[in-house]
1. Would you call residue 351 hydrophobic (A, V, I, L, M, F, W, C) and either under 30 Å from residue 419 (Cα atoms) or surrounded by fewer than 16 Cβ atoms within 10 Å (Cβ to Cβ) (or both)?
2. Given the options 395, 399, 385, name the one that is of a type in the set (Val, Ile, Thr), in a strand (DSSP E or B), in contact with a Phe, Trp or Tyr (Cβ under 9 Å, 6 or more places away or on another chain) and buried (at least 19 other Cβ atoms within 10 Å of the Cβ).
3. Grab the strands (runs of 3 or more DSSP E) fully contained in the range 203-313, keeping just those with 1 or more residues being charged (D, E, K, R) and touching a residue at least 40 places away in the same chain (Cβ under 8 Å).
4. Looking only at residues that are within 28 Å of the chain's Cα centre (by Cα) and exposed (fewer than 13 other Cβ atoms within 10 Å of the Cβ) in the range 78-109, which one is nearest to residue 319 (Cα to Cα)?
5. I need the helices (runs of 4 or more DSSP H) fully contained in the range 38-122, keeping only those with at least 2 residues that are closer than 26 Å to residue 320 by Cβ.
Amino acid sequence: MDKRNFIKALGGLSISPFLTSSGAKEFMSLSNFLPKIPDDEELWKVVRSHYKLKDEYINLESGYYCILPQPTLEHFIEHVRYVNYEGAYYMREYQFPNKDKVAAQLAEFVNTNPEELVITRNATESLDLIISGFPWENGDEAIYAEQDYGAMINQFKLVAKREGIINKVISVPNHPKSDEEIVSLYENQITSKTKLIMVCHQINITGQILPIRKICDMAHSYGVDVLVDGAHCVGQFDVSIDDLNCDYYASSLHKWLSTPLGAGLLYVNKKNISKIWPFFASGSQNLNDIKRLNHTGTHPVHTDIAISNAIDYINWIGVKKKEERLRFLQRYWSDKLRGKKNVLVNTPEDIQRSCGIGNVGLKNIKPGKMAQLLFDKYKIFTVAIDGANVHGCRISPNIFTTTEELDSLVNAVTELSQISS
């Protein structure tokens, strides 16, 4: 089905939220009308046709925000119209039942118990809630890495000033020799006062995937909780929270799951729910109810509903198939640049240590200048990273990216590597 006919068919659908005023109609799943395409190459062509892309540049910066495919976008627009049509009636009668139903679908998608998961607005909110709400005592210790996201690092610094905790900072190598090398970096900092370790499931600036289960098992042997920053993971590769054995997990769904902006998740193991203080007071008096950590007030509820459409879309593709495609795209460009003079690929070569995100730098050009040249001269949009032992541009293609576009990146970086410093 070509793009024009697809959108035409989409516009003719009768799209309803999970619960209408009568409570009788079920939400129409995207899978009801998306075509089955057995041939992979044809699939990716159809997928690309689902995205409205700018001609002015090649977008290789999906790491901040993955734009919505038209099927999800059209459903989202209908949700906005519907909530606006129903007004306060929807907000009072159906906002929370719908959110619960989406949360249950999301919990199934990431393989965990719906009683341990809530929908938030982003990973930062989820992670900061745990960092701030943890039952700290003066002198307690926390461990994190300098490669962690800045907002979380700042939150730990804020809690240190407020609660008197001690933050211990490690540095994760860009090219570790083994899982054990990474695990030992965290283990070597643990003392009897250590209460919480924060660790990235995938480091956002390099794309490196860390051995979360091994880190969690090690930390638990010392009685230490583990908070996992999975901001980039859900929707990029197959995530099973229950298999990680972590205490807390957070992700931004507007990244690789391609939901509308303002959607995230927070998982809290049921044994820990009662000890976390919420940001905002909830009406729930049950300390073991995870919803008491998720009082958001009035917010754009149509975004919550659209999470379901985003899950439908990725399930239509296949989670594993999307993961394989993103890994293929990353390796397509990074393998061609590894070993070239003046080129530094800051993402591990081991294929299981990364997926769609990569990072490449130049010895002869600083990251900021490199990103500017890529955009101005070659019309390639990336983001510069210059710190925490990472110096280069983050490259994050999406499933709409073609190998021809990545060839343009390879050619551009190769040319820039030959410029005299």
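The values are calculated or read from the model by the stated rules, or taken from the named source; none is laboratory data. Here the structure is a predicted model, which is why all the values come from computation and not from measurement. Neighbour counts run over all protein chains shown; Cβ positions are idealised from the backbone, glycine included.
1. Working: hydrophobic (A, V, I, L, M, F, W, C): yes; either under 30 Å from residue 419 (Cα atoms) or surrounded by fewer than 16 Cβ atoms within 10 Å (Cβ to Cβ) (or both): yes.
So residue 351 passes the test.
2. Working: 399 fails: in a strand (DSSP E or B); 385 fails: in contact with a Phe, Trp or Tyr (Cβ under 9 Å, 6 or more places away or on another chain).
Exactly one residue qualifies, and that residue is 395.
3. Numbers: elements: 225-229, 248-252, 264-268.
Counting at least 1 such residues, we get 225-229.
4. By that ranking, first place goes to 97.
5. Values: elements: 40-49, 70-86, 88-93, 95-109.
Where helices (runs of 4 or more DSSP H) fall fully within the range 38-122 and carry at least 2 residues being closer than 26 Å to residue 320 by Cβ, they are 40-49, 70-86, 95-109.
Table: residues versus (1) modelled with pLDDT under 95; (2) out of contact with any helix residue (DSSP H, G or I) (no Cβ under 8 Å at 6 or more places or on another chain).
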{"residue": "1", "(1), (2)": "yes, no"}
{"residue": "5", "(1), (2)": "yes, yes"}
{"residue": "8", "(1), (2)": "yes, yes"}
{"residue": "28", "(1), (2)": "yes, yes"}
{"residue": "48", "(1), (2)": "no, yes"}
{"residue": "53", "(1), (2)": "no, yes"}
{"residue": "58", "(1), (2)": "no, no"}
{"residue": "66", "(1), (2)": "no, yes"}
{"residue": "79", "(1), (2)": "no, no"}
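A quick yes/no check of all residues on (1) closer than 23 Å to residue 387 by Cβ; (2) surrounded by fewer than 24 Cβ atoms within 10 Å (Cβ to Cβ); (3) touching a Cys at 6+ places or on another chain (Cβ under 8 Å):
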{"site": "165", "(1), (2), (3)": "no, yes, no"}
{"site": "177", "(1), (2), (3)": "no, yes, no"}
{"site": "192", "(1), (2), (3)": "no, yes, no"}
{"site": "209", "(1), (2), (3)": "yes, yes, yes"}
{"site": "216", "(1), (2), (3)": "no, yes, yes"}
{"site": "232", "(1), (2), (3)": "yes, no, no"}
{"site": "235", "(1), (2), (3)": "no, no, yes"}
{"site": "246", "(1), (2), (3)": "no, no, yes"}
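Condition check ((1) more than 15 Å from the chain's Cα centre (by Cα); (2) modelled with pLDDT of 95 or more; (3) among the polar types (S, T, N, Q); (4) not assigned by TED's automatic domain parsing to the domain that holds residue 142) across all residues:
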{"position": "193", "(1), (2), (3), (4)": "yes, yes, no, no"}
{"position": "196", "(1), (2), (3), (4)": "yes, yes, no, no"}
{"position": "216", "(1), (2), (3), (4)": "yes, yes, no, no"}
{"position": "229", "(1), (2), (3), (4)": "no, yes, no, no"}
{"position": "259", "(1), (2), (3), (4)": "no, yes, yes, no"}
{"position": "281", "(1), (2), (3), (4)": "yes, no, no, no"}
{"position": "285", "(1), (2), (3), (4)": "yes, no, yes, no"}
